[in-house]
Amino acid sequence: MLKILLTIAIIAAIYFFLIKKPKVSQKRQERAEEEKRKPKKDEDIMVACEKCDTFVSSHEAIIVSGKYYCCKSCAGVK
Ligand SMILES: [Zn+2]
């Protein structure tokens, strides 16, 4: 019975050690900070118009039902 308890204690200790590893949390923090530094929403990417294949920046593009268009006439919006 004591052996079982000892085994459980050792496993728990290993688990605790692995979870509490400072390197892992540090890496996670670095990654989180990295993601904070480069905002994805404001990222200016070039997208091709669905109709005429003209490249426009995502800021200027007109998005209709998930597709990018260069201008209102391509998007079919009046
Ligand atoms: Zn177009």
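The values are calculated or read from the model by the stated rules, or taken from the named source; none is laboratory data. Here the structure is a predicted model, which is why all the values come from computation and not from measurement. Note that we place each Cβ from the backbone using ideal geometry, even for glycine, and neighbour counts take in every protein chain shown. Areas reflect the complete protein model, heavy atoms only, side chains present, ligands, DNA and RNA absent. Shrake-Rupley method; radii C 1.70, N 1.55, O 1.52, S 1.80 Å.
Of the peptides 57-67, 2-12, how do they stack up when ordered by the mean number of other Cβ atoms within 10 Å, highest first? Can you show the working numbers first?
Details: 57-67: 12.5, 2-12: 9.1.
Descending mean neighbour count gives 57-67, 2-12.
For the chain, give the percent of accessible area contributed by carbon and sulfur heavy atoms, probe 1.4 Å, rounded to a whole number. That fraction is 60 percent. Accessible surface for the chain, divided over its residues, is 95 Å² per residue with a 1.4 Å probe.
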